[in-house]
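Everything below concerns the one structure shown next.
The values are calculated or read from the model by the stated rules, or taken from the named source; none is laboratory data. Small disclaimer: the values here were computed from a predicted structure and weren't measured. Glycine also receives a Cβ, built like all others from the backbone with ideal geometry; neighbour counts cover every protein chain displayed. Surface areas here come from the heavy atoms of the whole protein model, side chains and all, with no ligands, DNA or RNA. Shrake-Rupley method; radii C 1.70, N 1.55, O 1.52, S 1.80 Å.
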Amino acid sequence: MIGQLLDRRYRIIKVTDSSEVGKTYLAADTHRPGYPQCTVREMRLPGTSSQTPELVKVIFQRNAEIIEKLGKHDKIPELLAYFEENQSLYLIEEFIAGSPLSQELIPGQPWEEDQVICLLSEILEILVFIHEKGFIHRRIQPDRAIRRESDGKFVLVDFSLDKEINPELANCHLLSQTSPNSVKRHEAKKPDLVAQELYVPIEQLIGNPRYNSDIYALGTIAQLAVTGLSPNELSALKNNKNEIPWRNRATCSPALADIIDRMVRPDCEERYQEAAEVLADLKQIAVKFEVEPPPATIITDAMSKPRRQSPTKLLLLAATAAALILTALIIYLWQSQSPARAKELLARGVTKAQQGDTTGAIADYTQAIALNASDAETYYKRANARYDMGATEQAIQDYTQAIKVNPSHTKALYNRGMAHLDIGDKRGAVEDFTQVVRLNPSDGEAYSQRGLAYYDLGDYRTAMEDYTQAIRLSPNDATAYSNRGLARSAAGDKTGAMADFTQALQISPKQAGVYYSRGRARFNLADYQGAMEDYTRAIELQPDLADAYTNRCSAYLNLATYDKAIADCTEGIRLAPKDEAAYNNRCIAYLNLKQYQKASEDCSLTIGLNANNPKAYSNRGLARSASGDKQGAVEDFTQAIRLNPSDAVAYSNRGTIYSELKNYPLAVEDFAHSLRLNPKNASAFYSRGLVRRQLKDRAGAIEDFQKAATLFLEQGRADGFQKAQAQINDPK
């Protein structure tokens with residue numbers, strides 16, 4: 001594999017990891033300036049079953065899509081691409097320059113407590129995000145936590161792709177099928193395998209990983225850090241209950257040891273259930289001295305006296321009564337003091353949130369709720385803090401609790417609607433914003449956000465109605481005008497969209513996005529000069545707006561200014577290297593300048609980014625045909641037709657190539673398909689007439705030339721009309 005080019009782009013440099021299901025490589029991206037490095041993860045497809053590979057592909061694609069979402073987090077590598085090649089599946093990820101945590105865990109050198117807390121907090125915050133997205137890392141080990149060279153922060157890498165997290169698929173050994181003729185041998189585990197299994201809890205070993213399986217693995221890393229033991233030494237301490245008696249070797253405080261113990265409990269039900277819980281407890285270590293001390297024990301004289309040998313029933317009743325009174329007193333004191341203490345914790349949490357200590361704020365809110373579970377505001381504040389941390393699902397749960405306590409809590413309803421938008425639950429968002437406007441009909445923001453949800457649902461008419469209400473309540477809301485313009489444009493009302501975008505610019509004249517949107521509306525109305533001017537203004541206001549360059553390139557194409565089109569598309573590609581539209585538009589510009597090799601290369605790059613783009617295949621077919629590669633052109637037009645069977649132009653173009661190759665029957669068939677899809681295609685009638693003349697079908701040829709002449713005349717194409725008339729008058 002070393003030196004091999006994958007996907008005609010990624011050059012393999014070296015192997016960095018290997019397992020029974022595939023390998024991990026370091027590679028160079030040859031399509032980007034400077035050939036930046038990237039990580040290539042390979043998964044080999046089993047060849048023993050016709051069904052298994054397809055199931056593997058489905059699971060791989062689903063997991064890759066989730067990893068693409070996870071890559072939006074600053075401390076998770078970005079997914080660059082994934083594809084199938086040579087009976088293997090490949091995933092391309094951002095390369096993280098740095099050193100693994102395993103290099104810092106040196107046997108015999110235990111960490112300081114503050115270092116351990118910092119490590120746990122950093123990785124737990126990543127786990128909160130991962131678990132919120134519905135994914136389990138499953139492979140947390142010291143060599144998969146990389147301390148990033150650029151800022152010294154930890155990054156989690158190498159997510160598991162070989163099994164799905166869903167229970168029904170968790171036990172499918174899709175990539176390690178055993179042959180019916182093979183013999184399983186029971187061998188002693190190698191030391192490195194023992195060390196690897198150290199991080200894997202029981203439920204994961206039996207194929208049923210849970211979110212807190214990741215917490216177990218991280219807790220094991222913490223054990224290594226506070227004891228200074230090696231993985232093999234720590235593993236050797238494990239007893240027959242799967243417990244590791246490690247505390248007598250640790251250098252940390254009992255409070256931190258308690259947290260680590262709960263992270264690594266063998267029974268997953270007794271373990272922490274959520275990463276946010278661990279974060280909250282870690283934060284309490286720092287504030288533990290602020291908690292009031294328990295009352296001192298009082299020893300009375302009566303307790304020190306010898307017991308009577310013959311207690312009476314009266315004494316027993318008196319003791320029972322005293323116990324009941326004491327219990328009632330304790331309950332009374334607790335109930336009278338709890339609300340006050342809860343208010344103190346709420347206030348402290350608010351202060352921490354304002355100072356940016358979100359984790360500490362959550363810990364205080366959680367304690368306040370434990371003391372007073374009927375305070376809607378505390379749930380609301382904790383929801384906001386969790387929302388800020390990216391724990392959207394947990395935030396929704398807290399907003400829901402706040403609303404249960406206070407059904408008229410419009411802020412909780414509004415924020416829950418925003419959270420529903422974030423997770424893609426548009427219907428849930430609509431319901432929440434509807435409740436807000438029912439409680440407060442003058443809330444223009446709620447109308448605007450509900451309009452956004454309706455827009456995402458494709459209900460553009462209702463979205464327009466909501467934006468109209470927002471504008472009525474706030475006539476100078478430029479965003480509402482702009483959004484209504486987008487809804488009108490999507491509904492086909494380009495003229496109305498133009499009016500809204502213009503109004504938005506009158507209110508707020510320095511909005512690059514609005515100029516861009518108005519440029520699109522003008523382009524769709526065939527006002528290419530106006531579109532070009534709007535895109536230019538958008539670029540002046542926001543020079544890194546890649547889409548504006550790509551769309552201005554389209555406007556220049558329609559204005560036949562091909563050199564400027566190429567310059568714009570090139571800049572768009574520099575800003576957004578994965579923009580297939582920019583490559584495709586530049587391909588068209590090169591075609592018009594008769595630079596067919598460059599056109600073919602750009603169309604090929606477009607196809608590399610999106611193999612299902614029929615226009616790119618058609619454009620490359622034109623370039624190949626013009627450069628003499630007729631067979632390649634036929635293949636491209638055939639692929640374009642397969643992807644879009646309603647493409648009349650692709651049929652016509654392929655028919656022309658067949659005609660040039662003297663394959664007249666196929667040419668006639670393609671022209672017939674083209675005319676069935678577009679009966680007004682004068683060029684197709686004319687070209688079929690030429691083919692029929694070659695087949696000695698003079699009557700059919702004259703009929704086609706006459707139809708072509710009529711259509712050319714109707715369309716104002718004098719040159720075409722004259723050519724068709726010349727063929728009609730030709731005696732041959």
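Things worth noting here:
- Other residues within the sphere of radius under 12 Å centred on the Cβ of residue 704, judged by their own Cβ, net out at +3 (K and R +1, D and E -1).
- For segment 586-630: rounded, prolate or oblate by the Cα gyration tensor [a/c cutoff 1.5]: prolate
- A protection proxy built from the mean count of other Cβ atoms within 10 Å ranks the segments 725-732, 241-248, 551-558, 663-670, most packed first, as 551-558, 663-670, 241-248, 725-732.
- Loop-located GluC sites (Glu not before Pro) across segment 487-590 with a Cβ neighbour count of 14 or fewer within 10 Å are lacking, with loop assigned by DSSP.
- Highest average first, the peptides 456-464, 209-217, 476-484 ordered by how many other beta carbon atoms sit within 10 Å of their residues are 209-217, 476-484, 456-464.
- Stretched out straight at 0.36 nm per residue, the stretch from residue 710 to residue 507 would grow longer than its current Cα-Cα span by 68.0 nm.
- Cα gyration tensor shape for segment 526-610, rounded if a/c is under 1.5, else prolate or oblate: oblate
- Cα centroid separation, segment 210-257 to segment 609-628 (Å): 59
- The calculated FRET efficiency for residue 699 paired with residue 635, based on their beta-carbon distance and R0 = 56 Å, is about 0.95.
- Within the accessible area of segment 454-601, the carbon and sulfur atoms contribute 45%, probe 1.4 Å, all protein chains present.
- Accessible area of segment 1-128 belonging to carbon and sulfur atoms, whole % at 1.4 Å probe: 47
- Taken about its Cα centre, the chain carries a charge dipole of about 1360 debye when Lys and Arg each add +1 at the Cβ and Asp and Glu each add -1 at the Cβ.
- Solvent-accessible area per residue in segment 377-420 equals 39 Å², computed with a 1.4 angstrom probe and all protein chains kept.
- Only protein atoms count toward the accessible area here, which uses a 1.4 Å probe; on segment 397-451, the carbon and sulfur part of that area reaches 45 percent.
- Separation of alpha-carbon centers, segment 499-529 and segment 634-690, rounded to whole Å: 39
- Taking Lys and Arg as +1 and Asp and Glu as -1, the other residues whose beta-carbon sits under 12 Å from that of residue 267 total +1.
- Cα gyration tensor category, rounded, prolate or oblate, for segment 427-555 with a/c compared to 1.5: prolate
- Between residue 627 and residue 153, full extension at 0.36 nm per residue minus the direct alpha carbon distance yields a gain of 165.4 nm.
- Annotation: per residue accessible area for segment 553-627 equals 44 Å², rounded to a whole number [probe 1.4 Å, protein chains only].
- Across 494/707; 594/615; 23/238; 72/510; 69/238; 75/343, pairs whose alpha-carbon gap is larger than 27 Å: 494/707; 23/238; 72/510; 69/238; 75/343
- Selected from 519, 96, 626, residue furthest toward positive end of dipole (the chain; charges at beta carbon): 626
- For the listed peptides 338-350, 221-233, a ranking on the average number of other beta carbons within 10 Å per residue, highest first, reads 221-233, 338-350.
- Remark: accessible surface ordering of 388, 527, 704, 544 (largest first) is 388, 544, 527, 704, probe radius 1.4 Å.
- Contour excess over end-to-end distance, with Cα ends at residue 411 and residue 241 and 0.36 nm allotted per residue: 56.3 nm
- Computed from phi, the 3J(HN,Hα) profile of segment 92-102 under the Karplus parametrisation 6.51, -1.76, 1.60 (θ = phi - 60°) reads 9, 10, 4, 8, 9, 6, x, 10, x, 4, 4 Hz, with x in place of Gly and Pro.
- Computed FRET value (nearest 0.05) for residue 400 with residue 253, which takes r as the C-beta separation and R₀ as 51 Å: 0.90
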